[in-house]
């Protein structure tokens, strides 16, 4: 299992993904689930993914091969984020069409999901969720974030904090608390966490971070959040039963 989240606010977009994969308690590995594409001054794209690792890797390799071969339509040549989402959806369908029947014979789940966001010069920043079937939806002011993977534990803090006018710092903190809550309740999600913060209209990806077990900020956030929740709980009025 994995957990990925992206939040789009007026100031920009915050992306984060864990890096744990597991095929049982004795087969746990670390794989980066975030991919970035950048041409400064023209475009910034960030892709995060969950699901079958072989399918997600094959999909990304397919997209990178199109870039290397200077395909007429590639992530680095199309003119809109909508077209970027279309390319990813098409690549995912192609991989599943090719490999799906063989995986099904072995009863292997070949589903995969992607979140892609960023900005291309000439249009606003945009954020998309791409489903396993290759279709997709776009984030709106009313729904400014997407989650994939193990979403339920980290959803409440995102729901309470993220608004269009949320600051970049508060968006970052809410995303990291979301991961802390998820890791607390589900061992299949774990550090390191990869984070990319895109600032709107910069057309450059200047803030990419990795949080591992030794990261001082994550340790402080974990303690502060846990202490704060316990303090808030202690202040709740007693029920007269």
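Nothing in this text is a laboratory measurement; each read-out follows from the coordinates by a stated rule. These numbers come from a predicted model, not from an experiment. Quick reminder, even Gly has a Cβ in these numbers, built from the backbone with ideal geometry, and neighbours come from all protein chains shown.
To the nearest 10 degrees, how steep is helix 53-68 against the longest Cα principal axis of the chain, on a 0 to 90 scale?
The helix 53-68 is inclined about 50 degrees to the chain.
Quick one: which of 156-162, 55-61 comes out on top by average Cβ neighbours within 10 Å, and what's the full order, highest first? It would help to have the intermediate numbers written out before the result.
Numbers: 156-162: 15.9, 55-61: 20.0.
Descending mean neighbour count gives 55-61, 156-162.
Quick check: residue separation of residue 68 and residue 229 times 0.36 nm, minus the Cα distance between them. What number comes out in nm? Show your work: numbers first, answer last.
Values: separation 161, 0.36 × 161 = 57.96 nm, distance 4.93 nm.
Full-extension gain reported as 53.0 nm.
Return a whole-number percent for the relative contact order of the stretch 3-230, with Cα pairs under 8 Å and 6 or more residues apart as the contact set.
On the way: 425 pairs, mean separation 65.7, N = 228.
Relative contact order comes out at 29 percent.
Taking the mean number of other Cβ atoms within 10 Å as a proxy for protection, how do you rank 98-108, 208-218 from highest to lowest?
Values: 98-108: 11.3, 208-218: 13.1.
Ranked by mean Cβ neighbours within 10 Å, highest first: 208-218, 98-108.
Which of the following values of percent of Cα pairs over 33 Å apart was calculated from the structure shown: (i) 46; (ii) 11; (iii) 20?
Recomputing percent of Cα pairs over 33 Å apart here picks out (iii).
Between the stretch 174-241 and the stretch 23-94, what is the C-alpha centre distance in whole Å?
If we compute the Cα centre of each part, the gap is 26 Å.
Helix 216-234 versus the longest principal axis of the chain: what angle, 0 to 90°, nearest 10, using Cα atoms?
So the inclination is approximately 50 degrees.
For the chain, what is the mean residue ellipticity at 222 nm derived from helices alone (per DSSP H run of n ≥ 4: -39500 (n - 2.57); sum divided by total residues; nearest 500 deg cm²/dmol)? It would help to have the intermediate numbers written out before the result.
Working: 5 runs with 85 residues, N = 241.
Only helices count here, giving -12000 deg cm²/dmol.
Which ordering of 130, 137 is given by a fewest-first count of other beta-carbon atoms within 10 Å? Don't jump to the answer; show the numbers that get you there.
On the way: 130 27, 137 13.
Listing 130, 137 from fewest to most nearby Cβ atoms yields 137, 130.
What angle do you read, to the nearest 10 degrees and between 0 and 90, between the alpha-carbon axis of helix 168-185 and the longest principal axis of the chain?
Taking the Cα atoms of the chain, the angle to 168-185 is about 80 degrees.
Quick one: order 155, 33 by neighbouring beta-carbon count within 10 Å, fewest to most. Write down the numbers at each step before the final one.
Working: 155 15, 33 27.
Ordered by Cβ neighbours within 10 Å, fewest first: 155, 33.
Could you calculate the FRET efficiency of residue 214 with residue 155 from 1/(1 + (r/R0)^6), where r is the beta carbon distance between them and R0 is 41 Å, rounded to 0.05? Each step should come with its number before you reach the end.
Details: r = 28 Å, r/R0 = 0.68.
Efficiency at R0 = 41 Å is approximately 0.90.
Could you sort the peptides 7-17, 176-186 by per-residue average Cβ neighbour count (10 Å cutoff), highest mean leading?
In decreasing order of mean packing, 7-17, 176-186 become 7-17, 176-186.
Order these by the 10 Å Cβ neighbour count, fewest first: 170, 109, 18.
Working: 170 16, 109 11, 18 30.
Least to most surrounded, the residues fall as 109, 170, 18.
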